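Read the structure below first, then the notes.
Just so you know, all these numbers are worked out from the coordinates, no wet-lab data involved. Please read these numbers as outputs of a predicted model, since none were measured by experiment. When we count neighbours, we look across all protein chains shown, and the Cβ atoms used for this are built from the backbone with ideal geometry, even at glycine.
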Amino acid sequence: MTVPHTLYVDIVNRAVAESLIDAVAKDLTDSAVSPVDGTFGVAATESSPELGLTKLELSGVLTAASTVPGPAQGLTKALGLLEAKSRALYQGWTPEFHLEDDEGVYTSPHVKAIFDRVPEPLGALNVAPDIGTGGWNPPGHPRVGIADTLVYRHPVLAGHVVGDSTATFTDASPGHATFVAGIIRRQAPDALLVCHPVLGPGRHDAWSVAKSLLAFLDDDIDILNMSFGQITENSATPLRRALDRIGKRAVLVASGGNFGGVQATLYPAKFPDVVAVGSGTVTGDTFELATSTPNASWLDLVTQGENVVGPFLPGEVHFTEPERATKIYDALQPYARWSGSSFAAAYVSGELARRMAEHQISAFDALDQLLNGQAADIAPYRRLR
């Protein structure tokens with residue numbers, strides 16, 4: 001897979017950034033640098049006033065990088081040329097560029113991490129699993145945003161979902177949001193689930209996900225569940241810009257990843273204002289951390305995320321990744337058993353909504369209870385540190 005050569009710059013500095021790229025391109029041409037991957041320059045641009053950013057897709061990055069010694073990656077070397085040119089032209093000043101060096105944004109089962117597992121069908125059951133019952137009180141119901149795939153119109157979610165949903169599917173992707181929604185619905189039957197798809201099958205870049213997240217701005221949500229992740233060593237700038245707007249009014253919850261002992265950084269989980277949730281198994285008073293959960297300093301909570309039962313897609317379901325040839329053949333009921341931090345995050349979002357409805361408190365007060373409450377009150381939600 002080819003990682004796109006992408007830079008982000010504040011939208012007010014777009015013209016300056018483009019002029020710097022043109023100036024470096026001219027220097028390369030004047031120096032008769034042999035092309036490695038084409039001519040250095042801007043291949044495409046897109047601006048988002050809502051995010052305050054311009055996305056610059058670059059061509060010929062390896063051509064530019066070939067003029068810079070050292071082991072750094074091509075985009076990092078090209079960025080160094082741009083910053084040096086800016087300092088020369090603008091008396092030491094340079095616009096702030098942000099790199100995108102990630103492998104994309106994923107949600108399970110679309111290869112979010114090496115420990116991801118596909119769901120198991122529950123077609124042998126004679127009755128539907130109990131995923132929660134209870135009344136629904138519209139005047140005071142918590143509003144939980146689900147930023148995920150498109151959600152399937154599962155019978156157990158009827159009357160509890162607003163936003164975007166589908167009655168049909170051609171791949172497995174709607175199953176993920178449906179499963180997440182079912183967990184939240186079980187935890188908080190009074191909650192209204194506000195669903196907007198930010199992902200589909202396969203890989204997405206942070207830019208498209210961030211723009212899709214802005215759909216929640218007008219929904220007056222109390223909690224935003226984000227069961228997805230972007231692995232990057234940079235600052236995940238587009239996601240940060242989107243959440244800066246949403247997080248002023250909603251508690252942000254994200255899955256903590258399924259990459260076990262691998263050293264990696266996952267966003268939005270690592271952002272300090274996001275509740276990062278890892279997965280484990282709760283049995284009575286005991287809790288066992290899943291081997292897939294990273295022992296990361298930025299994890300805030302761990303809770304049940306292993307062998308969870310929830311609503312899924314009916315019939316034969318195909319997973320879209322080539323290495324995921326697994327199919328669920330003619331499941332007798334649209335339910336499955338699944339594991340991962342995506343579902344642990346959903347449990348936390350549901351618990352926050354439950355506390356809001358039960359105690360008539362804000363989502364932020366509910367979060368304070370969960371993070372700082374007594375052990376007996378917050379079980380089975382555990383802090384790692």
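Some points to look at:
- For region 8-71, trypsin sites (Lys or Arg not before Pro) are listed when DSSP marks them as loop and at most 16 other Cβ atoms sit within 10 Å of their Cβ; the list is empty.
- Length added when fully stretched, Ala84-Asp37, from 0.36 nm per residue minus Cα-Cα: 14.7 nm
- Sequence ranges 341-354, 285-298, 215-228, 74-87, ranked by mean other-Cβ count within 10 angstrom, highest first: 341-354, 215-228, 74-87, 285-298
- Within region 6-100, the percentage of alpha carbon pairs spaced more than 16 angstrom apart rounds to 52%.
- Over 24 Å apart at the Cα level, from the set Lys77/Lys270; Lys55/Lys85; Lys211/Lys248; Lys85/Lys270; Lys248/Lys270, are Lys77/Lys270; Lys85/Lys270.
- Glu57-Asn234 FRET efficiency (beta carbon distance; Förster radius 25 Å; 0.05 resolution): 0.95
- Using C-alpha pairs under 8 Å with a sequence gap of at least 6, the mean separation divided by the residue count of region 213-255 gives a relative contact order of 64 percent.
- Annotation for region 186-249: trypsin sites (Lys or Arg not before Pro) lying in DSSP loop with at most 10 further Cβ atoms inside 10 Å of their Cβ are Lys248.
- Per-residue Cβ neighbour rank within 10 angstrom, fewest leading, Val36, Val308: Val36, Val308
- Counting Lys and Arg as +1 and Asp and Glu as -1 over every other residue whose Cβ lies under 11 Å from the Cβ of Glu358, the net charge comes to 0.
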